[in-house]
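What follows is a set of notes on a single structure, which appears directly below.
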Amino acid sequence: MANFMTAALPDVPIDGVVRTILDSLDASLGDVRDALALPPECYTSPDWFEFERRAIFDRDWVVLAHHNVIPDKGDYVSIEINGEPLLVVRGRDDEVRVLSAVCRHRGHLLGEGQGNARSFTCPFHAWTYDLEGTLTSAPEMDGTLPFDELKRTACLPRFRHEIWNGFIFVNMDGKAAPLGPRLKGLTALLANHRMDELAAIRTVDWAGNPWNWKFMQENALEPYHTHYLHSGIHDFAPSANVRFTEWDDSDDAAIYREVGFTHLDGGFNVSKRGLFPPIPTLTEAERSRVVFAAVMPNLFIGAQGDVVFYFVILPQAAGDITLRVGLLTTYDNLGLPTADALLKGTLDGIGIFNEQDVVANISTAKGMRSRIAPRSRWAPSEKTLVQINAWLIKRYKAYAASLQRYAEAAE
Ligand code: FES
Ligand SMILES: [Fe+2]
């Protein structure tokens with residue numbers, strides 16, 4: 001097995017607002033009819049965000065990209081997640097690797113953006129790395145030390161990754177339990193989409209979204225708002241047709257719901273129908289529904305009959321996220337003469353719903369900063385939000401307990 005870099009952020013003290021929140025989390029566990037929302041500070045506090053960066057984003061699997069964004073040898077895409085610049089690269093051996101994008105000389109970033117490369121040459125002083133991160137040249141450095149010696153300490157660190165359904169995840173602390181076995185239900189539900197075989201369009205980044213990362217998953221996962229906020233345009237996917245899943249602690253990496261359409265081949269655009277031909281491996285029942293799924297914490301998937309749209313959520317601060325937006329469909333669909341127009345219509349359609357959600361997310365983010373912000377009760381159709389909270393609280397408590405043990409052991 002390859003040697004992986006493990007690099008969790010230094011721990012933060014459990015005091016102040018972090019301690020207060022931790023002490024109050026039990027009220028958010030339990031049945032949808034009993035549980036409360038998370039404390040508002042969970043969405044607004046910079047201290048809590050720093051806690052989450054460690055408890056969640058350093059210790060669980062976080063999504064980086066779909067592997068068909070980099071289908072060919074030498075393809076790469078850069079991404080910064082939890083403050084860490086990474087390169088996702090397909091090597092000459094066709095294997096995907098997750099490398100540090102930080103040059104081992106003075107820290108200039110390598111391979112920014114997306115492209116195809118034979119190697120990565122740093123623009124600053126021309127140190128060069130191959131697709132596996134091995135240092136292959138470092139001009140003028142032999143005046144300091146022999147190249148072989150430099151190479152031993154100056155290759156790009158590689159991080160542990162796992163691929164599920166084509167989506168590449170990284171685990172920074174190297175200790176998370178394997179992801180796939182905790183995605184059994186969702187894997188079965190989406191098996192016929194064959195997402196790993198679908199073509200991925202080039203992703204687009206939307207930066208500067210002023211709300212907390214959890215809002216993104218919450219908004220997408222609850223069907224309570226769909227017939228109010230999206231009144232009219234969402235009617236072909238009515239909340240009365242929602243099917244929830246029961247929480248299973250042994251299969252907890254995703255939280256999801258299905259919504260049955262009022263007709264075959266529904267789609268989220270003005271025509272209310274998928275614009276591309278359906279994915280041929282789907283049954284009619286599967287073409288008559290959408291699956292909205294959060295692979296926690298930062299992948300959101302909307303799987304309809306002709307396309308799968310997804311968001312990679314990249315938290316920047318307690319109230320700031322970047323969204324990397326992507327879409328999957330068959331290679332045949334993208335080869336159609338009308339593909340560009342169908343793609344534009346599909347993305348514009350999703351944009352209509354998203355614009356309404358953006359307004360709600362911005363407004364709610366402001367409301368959560370009120371000194372009397374609510375810690376609300378749930379409607380039954382917000383069941384998925386209680387499940388999200390169960391997922392979060394399990395990880396919040398595990399990290400806090402590990403610090404506690406650490407503190408006790410040091411005494
Ligand atoms: S910082 Fe990359 S070569 Fe100097
Ligand atoms: Fe919505």
Open item on the list: Can you tell me the mean projection area, over all orientations, of the convex hull of the chain's alpha carbons? Units nm², please.
Closed with: 22.0 nm²
Open item on the list: No solvent, one uniform scatterer per C-alpha: report log10 I(q)/I(0) for segment 346-411 via the Debye equation at q = 0.25 1/Å, two decimals.
Closed with: -1.07
TODO: Give me the orientation-averaged projected area of the Cα convex hull of segment 17-79, in nm², one decimal.
DONE: 6.6 nm²
- [ ] Hand me the GluC sites (Glu not before Pro) from segment 137-213 located in a DSSP loop with no more than 11 other Cβ atoms within 10 Å, in residue order please.
- [x] GLU140
Open item on the list: Run lengths n ≥ 4 of DSSP H only: what is the helix-derived mean residue ellipticity at 222 nm for the chain, with -39500 (n - 2.57) per run over all residues, to the nearest 500?
Closed with: -8000 deg cm²/dmol
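So for SER250, SER402, fewest C-beta neighbours within 10 Å to most, what's the order?
The order, fewest Cβ neighbours first, is SER250, SER402.
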TODO: Using a 10 angstrom cutoff on alpha carbons, build the Gaussian network for the chain and name the most mobile of ALA401, ALA360, ALA237.
DONE: ALA401
Open item on the list: Running a GNM on the chain with Cα contacts under 10 Å, which residue among ALA55, ALA220, ALA126 ends up with the highest mean-square fluctuation?
Closed with: ALA126
Open item on the list: Would you report the distance distribution of C-alpha pairs in segment 82-184 as whole percents per 5 angstrom bin, up to the bin with the largest distance?
Closed with: 2, 12, 21, 21, 17, 12, 8, 4, 2, 1, 0, 0
- [ ] Any chance you could check the Cα centroid distance between segment 143-181 and segment 37-52 for me, in angstrom?
- [x] 30 Å
Open item on the list: Report, in listed order, any pair from LYS184/LYS366; LYS184/LYS214; LYS214/LYS397; LYS344/LYS366; LYS73/LYS214 with a Cα-Cα distance greater than 27 Å.
Closed with: LYS184/LYS366; LYS344/LYS366; LYS73/LYS214
Task: Among PHE261, PHE236, PHE311, residue whose mean-square fluctuation peaks in a GNM of the chain (springs only between Cα atoms under 10 Å) - done: PHE236
TODO: Please sort by residue number the trypsin sites (Lys or Arg not before Pro) in segment 327-403 whose DSSP state is loop and whose Cβ has at most 16 other Cβ atoms within 10 Å.
DONE: ARG369, ARG371, ARG375
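Every read-out reported here was derived from the displayed coordinates using simple, explicitly stated rules and does not represent laboratory data. Given the structure is predicted, the values throughout are model-derived calculations rather than measurements. All Cβ positions, glycine included, derive from the backbone under ideal geometry; neighbour counts span all protein chains shown.
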